[in-house]
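Taken together, the values in this text are just the output of simple stated rules run on the coordinates, not laboratory data. Model, not experiment: these values are computed from the prediction. Positions of Cβ are backbone-derived with ideal geometry, glycine not excepted, and every protein chain shown enters the neighbour counts.
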Amino acid sequence: MNKRVLIISASPRRSGNSDLMAEQFKKGAVEAGNTVEKIFLANKKIGYCLACDYCKKNNGICVQKDDMTDLLNSMMLADVIVLASPVYFYNVSAQLKTFMDRTYARFDTFKKREFYGVFSCADGPGEYINHVTDALKGFAVCFPDSEYKGSVIGYNSGAHGSVSEEHLKEAFELGKTIQ
């Protein structure tokens, strides 16, 4: 079955390590027969959630007029949502966290989504890296009947362009698993 995959690339720089991995994930998902849209968050204007609840009183329409409306519409069409981010202080980037917070306007309407993560970090494997995957798992569980399916982490890739071929291949292979 062909699925619609939405990749949210939250690297602050195009062709950063997590963005390179997201591109490989995309190639794998396309090879598996899926339709993929990749959005680069650094090109979008997204304000912080104001916690005003205007959206809850107005059918999911946010009081802020920015690019989040289009992003939410893309999410509505997707079966699979992939969040790609560099790891900063064992968590997602500020760009991705802002995006995640702004889904509040309509999160309860996104039923039965599959969630994947693509992360790059300067550190090697260790106990604290679980914080970034836990953040994604916590996000996914908020969407009705949705499921966290897995992540790939490009360890030891702190310098620009230093993500290993092994981690790029892992991202490609994870993308191929979407059926």
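When the dipole is taken about the Cα centre of the stretch 108-156, and only Lys, Arg (+1) and Asp, Glu (-1) are charged at their Cβ, what size is it in debye, to the nearest 20?
The dipole magnitude comes to about 200 debye.
Measure nothing but the geometry: give the 0 to 90° angle between the long axis through the Cα atoms of 165-176 and the longest principal axis through the Cα atoms of the chain, rounded to 10°.
On a 0 to 90 degree scale, this one is about 50.
Given C-alpha coordinates of the chain, what is the ratio Rg to Rh with the Kirkwood estimate of Rh?
On the Cα set of the chain, Rg over Rh gives 0.96.
How large is the convex hull of the C-alpha atoms of the stretch 1-92 per residue, in Å³?
For the stretch 1-92, the hull spanned by Cα atoms encloses 112 Å³ per residue.
Can you give the % of DSSP beta bridges in the stretch 39-179 that are antiparallel, to the nearest 5?
5 percent
Which angle between 0 and 90 degrees, to the nearest 10, do you get for helix 130-141 versus the longest principal axis of the chain when only C-alpha atoms count?
Between helix and principal axis, roughly 40 degrees.
Find which of GLY33, HIS167, LEU50 sits farthest along the positive direction of the dipole of the stretch 4-176, computed with +1 on the beta-carbon of Lys and Arg, -1 on that of Asp and Glu, about the Cα centre.
Checking the options against the dipole of the stretch 4-176, the answer is LEU50.
Could you give the dipole magnitude of the chain about its Cα centre, charging the beta-carbon of Lys and Arg +1 and that of Asp and Glu -1, in debye to the nearest 20?
Computed about the Cα centre, the dipole is about 600 debye.
Compute the length gained on full extension between TYR54 and ASN91: take 0.36 nm times their separation in residues and subtract their Cα-Cα distance, giving the result in nm to one decimal. Before the final figure, lay out each step's value.
On the way: separation 37, 0.36 × 37 = 13.32 nm, distance 2.84 nm.
Contour length minus Cα-Cα distance gives 10.5 nm.
Name the aspartates and glutamates eligible as straight-distance cross-link partners of LYS45: C-alpha to C-alpha under 13 Å, and not fewer than 8 places from it in the same chain.
Those aspartates and glutamates meeting the cut-off are ASP66, ASP67, ASP70.
At a Förster radius of 30 Å, what calculated FRET efficiency corresponds to the Cβ-Cβ distance of VAL30 and ASP108, to the nearest 0.05? Display every interim value, and only then the final one.
Working: r = 30 Å, r/R0 = 1.00.
Given R0 = 30 Å and the Cβ-Cβ separation, E is 0.50.
Cross-link candidates for LYS65: which aspartates and glutamates have Cα within less than 18 Å, leaving aside residues fewer than 8 places away along the same chain?
Hits, sequence-local ones excluded: ASP53, ASP101.
Within a 10 angstrom radius of the beta carbon, how do HIS160, HIS167 rank from fewest other beta carbons to most?
HIS160, HIS167
Stretched out fully, how many nm does the piece from ARG14 to ASN130 gain, at 0.36 nm a residue minus the Cα gap?
That works out to 39.2 nm of additional length.
Please give me, ordered by residue number, the trypsin sites (Lys or Arg not before Pro) of the stretch 82-151 that lie in loop per DSSP and have at most 13 other Cβ atoms within 10 Å. Mind dumping the intermediate values first?
Values: sites: LYS97, ARG102, ARG106, LYS111, LYS112, ARG113, LYS137, LYS149; in loops: ARG106, LYS111, LYS112, ARG113.
Listed in order of number, the matching sites are LYS111, LYS112.
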